[in-house]
Amino acid sequence: LVKNKGGNQYYFFKQEMDRDIRKNYVLMAELSKATLNHEFQMFYQPLFDTKTGRISSMEALLRWKHPVYGYISPYDFIPLAEETGSIIEIGQWVLKEACNQIKDWQSQGIYSCAVSINFSARQLQQEGVVSAVKDTIQETGIDSHLLKIEVTESVMMVNVETTINTLYDLKEIGVQIVIDDFGTYYSSLQYLKNFPLDIIKIDRCFIRDMVEHTKDREVVKMIIDLGQQFGMKVVAEGVENDEQYRMLKEYQCDEVQGYLFSKPIPAEEVNHFFIQRS
Ligand code: C2E
Ligand code: MG
Ligand code: MG
Ligand code: MG
């Protein structure tokens, strides 16, 4: 705790912290009922192919519409759900929702579009995670190549041996594996060598600074080259302006995602957006 403006300040922080902790406890309890209460909603953010300018796939991003607090960010509630274990149930809901959405879009004949979902540490470590994915794919009857699973470096590091095996098993089903937020953790080249990865997503902090700072630009170029050398597709996340997009095209980054193109939006709005854009 910082005590920069005399004793009162400390007291104020302490009170605020106590309140936050209490609020977190309440949220944790509510999280366990949120699935049943239909408080979750899936948003989708498109990814674009830099060569064709067309939508290549969608990322499914979870939203919790709390009855009192309104929309709560996954940055705030996913860690709580990890702690209580309700992430398992939530993750299962997300998986099912994403597969149903793939099927929906496919049967509407609009496009056959891959969807990626994000996995947290506990989800990936969960016993039977591979059969859960396999079963859901079978139940919905989708092509398994249309499902992608995004995992961050830190999530991959939790239990390296188990993780490698799980990822290989998922790949065997036909699911594509994405390393998310790449460059922010240890970024060991060992991962790229030993993990069965199909796609690398360059973390948005490098994209944010690439126009102004040479070093960030060099990191971006290096990840693109390295990823492609390893036979992976490279995606830039957090693309917010034209200059970033222009550079990424110049460096032959495969795909882009970010507010410049679209924020995450509900599935119904994606339909409309897709028809316009493709
Ligand atoms: P992520 O997977 O790295 O997702 C990218 C985040 O950046 C999303 O935040 C997205 O809305 C945001 N974003 C996209 N484009 C831009 C941009 O141009 N500028 C900026 N500033 N931000 C952009 P969101 O939706 O709040 O999700 C936050 C994180 O929560 C995700 O990061 C992911 O790690 C996690 N998450 C989201 N949905 C799920 C889920 O269903 N399950 C799990 N386990 N984690 C999830
Ligand atoms: Mg992601
Ligand atoms: Mg990311
Ligand atoms: Mg991120």
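For the reader, a short list of remarks on this structure follows.
- Selection count, region 117-138, where residues are over 21 Å from Glu39 (Cα atoms) and open to solvent by less than 50 Å² (accessible area, probe 1.4 Å): 9
- Within region 226-253, the residues that satisfy the criterion of being in contact (Cβ under 8 Å) with a residue 12 or more places away in the chain, of a type in the set (Asp, Glu) and out of contact with any strand residue (DSSP E or B) (no Cβ under 8 Å at 6 or more places or on another chain) are Glu240, Asp242, Glu243.
- If you go through region 60-71 and keep only what is open to solvent by 10 Å² or more (accessible area, probe 1.4 Å) and within 14 Å of Pro264 (Cα to Cα), you end up with Leu61, Leu62, Arg63, Tyr71.
- Some residue of region 250-266 being in a helix (DSSP H, G or I) and modelled with pLDDT of 95 or more: yes
- Options Lys103, Lys51; residue that is loosely packed, with under 14 Cβ neighbours inside 10 Å, more than 16 Å from ligand 4 (Cβ to nearest atom), farther than 30 Å from Asn24 by Cβ and not aliphatic (A, V, I, L, M): Lys51
- Of the residues making up region 43-75, those that are assigned to a strand (DSSP E or B) and among the basic types (Lys, Arg) number 2.
- The sole residue among Leu146, Leu80 that is in contact (Cβ under 8 Å) with a residue 40 or more places away in the chain and in contact with a strand residue (DSSP E or B) (Cβ under 8 Å, 6 or more places away or on another chain) is Leu146.
- Extreme residue, nearest to ligand 4 (Cβ to nearest atom), among residues of region 143-159 that are under 27 Å from Ser112 (Cβ atoms) and not in a strand (DSSP E or B): Leu146
- Extreme residue, farthest from ligand 3 (Cβ to nearest atom), among residues of region 186-220 that are open to solvent by 30 Å² or more (accessible area, probe 1.4 Å), farther than 16 Å from Gly238 by Cα and assigned to a helix (DSSP H, G or I): Thr214
- Test: Phe40 is of a type in the set (Phe, Trp, Tyr), under 17 Å from Val178 (Cα atoms) and either touching a residue at least 12 places away in the same chain (Cβ under 8 Å) or touching a Cys at 6+ places or on another chain (Cβ under 7 Å) (or both): no
- Among the residues listed as Ser144, Ser120, the single one being more than 20 Å from Pro46 (Cβ to Cβ) and away from ligand 3 (no atom under 13 Å from the Cβ): Ser144
- Condition met for Val158 (in contact (Cβ under 8 Å) with a residue 40 or more places away in the chain and aliphatic (A, V, I, L, M)): no
- Hits in region 105-140 (condition: away from ligand 1 (no atom under 16 Å from the Cβ) and either modelled with pLDDT of 95 or more or more than 22 Å from Asn271 (Cβ to Cβ) (or both)): Glu127, Gly128, Val130, Ser131, Lys134, Asp135, Ile137, Gln138, Glu139, Thr140
- Val175 falls short of the stated requirement of being modelled with pLDDT of 95 or more, within 16 Å of ligand 3 (Cβ to nearest atom) and in contact with a helix residue (DSSP H, G or I) (Cβ under 8 Å, 6 or more places away or on another chain).
The values are calculated or read from the model by the stated rules, or taken from the named source; none is laboratory data. The shown structure was predicted, so the numbers you read here are calculated from the model rather than taken from an experiment. No Cβ is skipped: glycine too gets one built from the backbone with ideal geometry, and neighbour counts run over all protein chains shown. These area figures cover heavy atoms from the full protein model, side chains too; ligands, DNA and RNA do not enter into them. Shrake-Rupley method; radii C 1.70, N 1.55, O 1.52, S 1.80 Å.
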